[in-house]
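Just so you know, all these numbers are worked out from the coordinates, no wet-lab data involved. All values derive from a computational prediction rather than experimental measurement. All Cβ positions, glycine included, derive from the backbone under ideal geometry; neighbour counts span all protein chains shown.
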Amino acid sequence: MKKKVVVGLSGGVDSSVSAYLLQQQGYEVIGLFMKNWHDDSVTISDECPWLDDSNDAMMVADKLGIPFQTVDLSEQYKERIVDYMFNEYERGRTPNPDVLCNREIKFDVFMKIALSLGAAYVATGHYCRKGEFEKDGETIYQLLSGKDNNKDQSYFLCQLTQDQLSKTLFPIGELQKSEVRRIAAEQELVTADKKDSQGLCFIGKVRLPEFLQQKLQPKEGVIVEIEADEDLYKTETPSFTNKKEELDFLSKKYEYTSKDGKVVGKHQGAHYFTKGQRKGLAVGGTPEPLFVIDTDVDENVIYTGQGKDHPGIYRRALFITNEEVHWVRKDLAIKADETLEVMARIRYRQPLQKAILHQTENGMYVVFEEPQASITEGQFVAWYDGEELLGSGVIS
C-alpha cells in the first residue's frame, strides 16, 4: 500500500514541485487547493486572483495525473484570521497573519480534512526541513530551517506542535529556489516561471488601511514628533535588588505623552499604524524621514522620531506572557528561574540575534545582546539552536 499524502497546492511553483517530488518518491498524492478569502470589496483590482491560482493548481494536478479538489475554508479563515487581525489592530498590536494561517488553517483545519481523506501526511511547499530522533522511547520531531538561507520559512511555522510535525512533509526543504524552478521547467509545469505571491492574498495585495476600515472606523488624531535628545531617553540604569527588576527595566517600553514632543501632522487612526513604519505618515520637511516609534490607540496619537537610529526605536528585551509561550520542542522547555542561550529573531528574514531566555513565574523575557529595532506587540519572536527552531511566543 502506497502512503497517501495530501499536498496543499496553492497554484505556486513551490507546492507544484512538492507534489511532483512526492510522486517520484512513491507516495499516492492528492492535490487540494484552499480557498481562503474572496472578499472583492477590499482587494486591489485583480491583484488577488484566487481563481487563476486554483486553475494553475488544477493544471499542475492534471499534468501530474493526480486527483484534485478545492476546499472552501473562507468561513474558518474569516473567524480565525481576519477577525483576530481586526481585534489585534484595534488593541494597537500588529498581528502576523502568515504565522497564524499556518497554525490555524493549514496545519489544523486543512490537516483535519486531509486526514479524513485517509492521508498519512500533509505536505506543503515551505522552505524548511523536519528531523526526528528517539529520546526516552518516544519520537521527537525537529523543525529545521530550509537549506536555501534566502528563502528559509521556518519562522512562519514557529507555532507548530509535535503532533502537527509528525504528520507533515516538507519536500523542497533541501533545495534552493533556483533548483525548484529548474525542476518545474523540466517537468513543464505551468507554474515554473510564476512569480512568488506576497504572503496572504489580502495582506500586501490589499491596502491595509482600506481593509481595516471595514471594521475600524477612521478617526482623526495627531502625529507627534519626539526629539532624539529628549530627557526620557537619558535615564540612568538603576541598581537592581533582583533579576526580575532588571528584566522589567530592560523590557519596559518608553511611555510618551503629547507634551513630550511637537505636533507635526494628522492621521486617520492610530490603529492603522505599526512601529517602525515609515510610509503613509504624509509629513514632509524633516531632515531625516520620520519613523513610527509608538502608537497609542486609546488617546489616538502616533509618536514618531527622525531617522532609523532614533533611540525610541530600540529596546534590549521583550516579554511574553505564559499563555503565549510555545515550545515546538516541549522536552527542552525551561522552568521558572531557568535561562537558555539561544539565537532569536523578531521578524521573518531578520538575521538571527544572540539572546537569553529568562523564564519567570509570570512569563518569559527574551534579552538580546544588541538592542533590537521596532520590537512590536502582537508579532512573534522565534528562538533557535543552530538550525533548529525550538519555540516561539507572541510579543506582549
Percent RCO, i.e. relative contact order, over the chain, from Cα pairs under 8 Å lying at least 6 residues apart: 16
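Quick check: residue separation of E90 and T286 times 0.36 nm, minus the Cα distance between them. What number comes out in nm? Write down the numbers at each step before the final one.
Working: separation 196, 0.36 × 196 = 70.56 nm, distance 2.94 nm.
Taking 0.36 nm per residue and subtracting the Cα distance, the gain is 67.6 nm.
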Nitroxide proxy distance, nm - points 7 Å out along Cα→Cβ at E338 and D193: 5.4
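Among residues other than Q359 whose Cβ falls under 10 Å from its Cβ, what is the net charge (Lys/Arg +1, Asp/Glu -1)?
On the way: positive: K335; negative: D337, E338, E361.
Neighbourhood net charge equals -2.
Restricting to bridges with both residues inside the chain, how much of the DSSP beta-bridge set is antiparallel, in percent to the nearest 5?
Details: 52 of 72 bridges.
Approximately 70 percent, going by the DSSP bridge assignments.
Just need the relative contact order of segment 4-211 here, percent rounded to a whole number, with Cα pairs under 8 Å and 6+ apart. Spell out each step's value before the answer.
Details: 341 pairs, mean separation 57.8, N = 208.
Taking the mean separation of contacting Cα pairs over the length of segment 4-211, I get 28 percent.
Compute the projected area of the convex hull of the Cα atoms of segment 226-341, averaged over all viewing directions, and report it in nm² to one decimal place.
Details: hull surface 39.9 nm².
One quarter of the hull surface, i.e. the mean projection, equals 10.0 nm².
Between E369 and E186, what is 0.36 nm times their sequence separation minus the Cα-Cα distance? Round to one decimal in nm. List each step's numbers first, then the result.
Numbers: separation 183, 0.36 × 183 = 65.88 nm, distance 4.65 nm.
My answer for the length gained is 61.2 nm.
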Cα pair distances exceeding 21 angstrom across segment 215-290, given as percent: 45
Label-point gap, in nm, between S116 and E75 - each point 7 angstrom along Cα→Cβ: 1.1
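Say R0 is 51 Å: what FRET efficiency, to the nearest 0.05, do I356 and K63 get from their beta-carbon distance?
On the way: r = 50 Å, r/R0 = 0.99.
It comes out at approximately 0.50.
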Residues Y84, Y20 arranged by fewest to most Cβ contacts within 10 Å: Y84, Y20
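Could you list the square roots of 5 times each eigenvalue of the Cα gyration tensor of segment 4-211, that is, the equivalent ellipsoid semi-axes, sorted largest first and rounded to whole Å? Walk me through the intermediate numbers first.
Working: eigenvalues 134, 97, 54 Å².
Whole-Å semi-axes of the equivalent ellipsoid: 26, 22, 16.
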Listed residue (T257, M59, V325) projecting farthest to the positive dipole end of the chain, Cβ model: M59
Equivalent-ellipsoid semi-axes of segment 300-380, from the Cα gyration tensor, Å, largest first: 26, 14, 12
Between helix 50-64 and the chain: long-axis angle, C-alpha atoms, 0 to 90°, nearest 10: 40
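May I ask you to work out the translational diffusion coefficient for segment 95-230 at 10 °C, viscosity 1.306 mPa s, via Stokes-Einstein with Rh from the Kirkwood sum over Cα pairs, reported in whole µm²/s? It would help to have the intermediate numbers written out before the result.
Numbers: Rh = 18.2 Å.
Stokes-Einstein gives a translational diffusion coefficient of 87 µm²/s.
Need the full-extension length gain, E245 to N55, defined as separation in residues times 0.36 nm minus the C-alpha distance. One decimal, nm. Working shown, then result.
Details: separation 190, 0.36 × 190 = 68.40 nm, distance 5.72 nm.
Gain on extension, E245 to N55, equals 62.7 nm.
What dipole magnitude, in Debye to the nearest 20, does the chain give about its Cα centre under +1 on Lys/Arg Cβ and -1 on Asp/Glu Cβ? Could the numbers behind the result be given before it?
On the way: 48 positive and 64 negative charges, 145 e Å.
In debye, rounded to 20, the chain gives about 700.
What ranking do 296-309, 181-194, 93-106 get when scored by the average of other Cβ atoms within 10 Å per residue, highest first? Can you show the working numbers first?
Numbers: 296-309: 18.1, 181-194: 16.4, 93-106: 21.3.
Descending mean neighbour count gives 93-106, 296-309, 181-194.
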Nearest 10 degrees, 0 to 90: helix 13-24 Cα axis against the chain principal axis: 40
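Can you divide the C-alpha Rg of the chain by 2.2 N^0.38 Å and report the result to two decimal places? Please report the intermediate quantities before stating the final value.
Details: Rg = 22.7 Å, N = 396, 2.2 N^0.38 = 21.4 Å.
Output field value: 1.06.
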Considering only segment 113-247, percent of DSSP beta bridges that pair antiparallel, nearest 5: 75
